[in-house]
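Working notes, beginning with the structure itself.
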Amino acid sequence: MKKLVILALCLGMLSVRGLAQDATDSAKKEPDATKKEPDATKKELSAKQLEEMKKSLEEQQKQIERLKQEAAERDRALGEMQKQVQDEIDRQAAAKTETPGFVQASLTPSPTLNQTAGTMNPATAMPSQPWAVLKVSDSVNFRFGAVVQGTYEATQDPVSEGYSQNFYLRRARVSILGTMPAGVSVFFQTDDPRVGNAGTNGVKAVNTGFQIQDFYLQWAFAGKAAALQAGLFLVPTLRQTLTSVSTFLSLDLPTWGQQEGTVEEQTGGRDYGVGMNGALFDSHLSYRVGAFSGYRAPSGPSLTPPLGTEAGSRNPLRFAGRIMWDFFDSEYGYSYAGTYLGKQKVLAIAGFGDGQGDYQSYGGDAFFNWPLEFGSVTAEGDYRKIHRNSFIYNVNGTPTTLPGQYTVFGNVGVYFADAKLQPFFRYEVLRFADVVNEPKNQTRFGGGLNFYILGQNAKITPYYERVQPNVQPVTAQIKDFNRFVCQFQGSF
């Protein structure tokens, strides 16, 4: 019995111990309700940080927007200040220009020169030639210019094969352009051409004296659209005869560009008359027409007595007109440029007609000038035809005629801006219609180089030409012969 009690007590104690052990293990395994798992804490902290970062970024974005607005305000204020400064500079420049007195010439277009850009005047024809300007008042000014071309020429003699050599002034020109209110302008130009030249006869021309080259009044009553012109001015024919002499690409005028000059009694491509000129369609279409004195017939034979001799100058007037289309930059002006040295994009085609009584002539020309990365390229071609006529012209007491013929002129050049050099090639043809005049046919070709010291204002042009007459004179040793020229040009 005692043993059973002791056994029961032992089993009870073991049971209590086992229950205690189980309770202890359970306590170790079950988490504390008052404590949180470390991962959950970390997750909660990460969410708070993200929320705070988001709020911080939003504040920074708002601050950036405020800074942008402030920068924009500062830029606007700076722009207004710059505009005020530029306006003040322009105002002072305008005030200086409007002050009576001499205005300094410049190689860039000046406000004074631009005042008459709406009319056909010589200032628009010489883009690189500055003028000395005398400002008389706000609406009246005078511009002064000059061109001198000192020349050396050596022409081969077909008889001896030697060379005739001469130093002379190809041109010595002085010009004045006056502009006034209401589109009124007056242009005067005088010249003493070929002074000092002894030619091939050895007689030096030293007392030729200056002659009036141009002298006309113009009224641009409709701005660029239409202007009246009266006086002594260029007859609207070939482009090369209308080109400013200071801007020639290939040294000079065409050899046969003015075959009618003697019988039409014109002077250097000019004649006395009245005309109209203008430019339409944003100056892409330009025109010029005129009625000129032309050839003046001498007095006629005596009529039946007691009537006396018929009065002279009763023959018709001379009429000429020219129309031109510029596809890109416009060229509206009294004379054109022979080359623009990369300053303009020009593609122009033109046609003209010229006539007086039995005399009739027509032709056309094309001109191309295009800027390139290294400079520019220039090309031109002119064609003129003179119809055969039987009219006898009494030129200074000598009967003469103007035979049927046509002429072709062309030149091309490439300008290298960095080197200031422009090599060019020139070609000319003269062909007569009648068989009897075919021996007078001739071809000329050659080439040269323009070296621009200061644009068109100072340049040197050496040139070589080969002359090929149709037949060889029986008195000459050679038919074809050479011609060498070197010209020094200065202008302002």
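Tabulated data
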{"item": "Summed residue charge, Cβ within 12 Å of residue 236's Cβ, Lys/Arg positive, Asp/Glu negative", "result": "+2"}
{"item": "Label-point separation in nm, residue 205 to residue 72, each point 7 Å along Cα→Cβ", "result": "7.3 nm"}
{"item": "Potential lengthening between residue 449 and residue 394 on full extension [0.36 nm per residue; Cα-Cα distance subtracted]", "result": "15.6 nm"}
{"item": "Inter-probe distance in nm under a simple model that places probes 7 Å from Cα toward Cβ, at residue 492 and residue 186", "result": "2.4 nm"}
{"item": "Over 15 Å [Cα-Cα, region 210-290], rounded percent", "result": "63 percent"}
{"item": "Inter-site label distance for residue 302 and residue 478 at 7 Å from Cα along Cβ, in nm", "result": "5.7 nm"}
{"item": "Environment charge of residue 480, counting only residues whose C-beta is closer than 13 Å and scoring Lys/Arg +1, Asp/Glu -1", "result": "+1"}
{"item": "Rg(Cα) / (2.2 N^0.38 Å) computed for region 343-492, rounded to two decimals", "result": "1.31"}
{"item": "Alpha carbon Rg of region 265-310, scaled by the compact-globule rule 2.2 N^0.38 Å", "result": "2.04"}
{"item": "Additional length obtainable on full extension of the chain from residue 140 to residue 435, 0.36 nm per residue less Cα span", "result": "100.4 nm"}
{"item": "Part-to-part distance (alpha-carbon centres) for region 419-492 and region 229-291, which is given in Å", "result": "22 Å"}
{"item": "Residue order, fewest to most surrounding Cβ atoms within 10 angstrom, among 53, 276", "result": "53, 276"}
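Bear in mind these aren't lab numbers, they're just calculated from the coordinates by the rules spelled out. Here the structure is a predicted model, which means the values were calculated and not measured. Backbone-built Cβ (ideal geometry, glycine too); neighbour counts: all protein chains shown.
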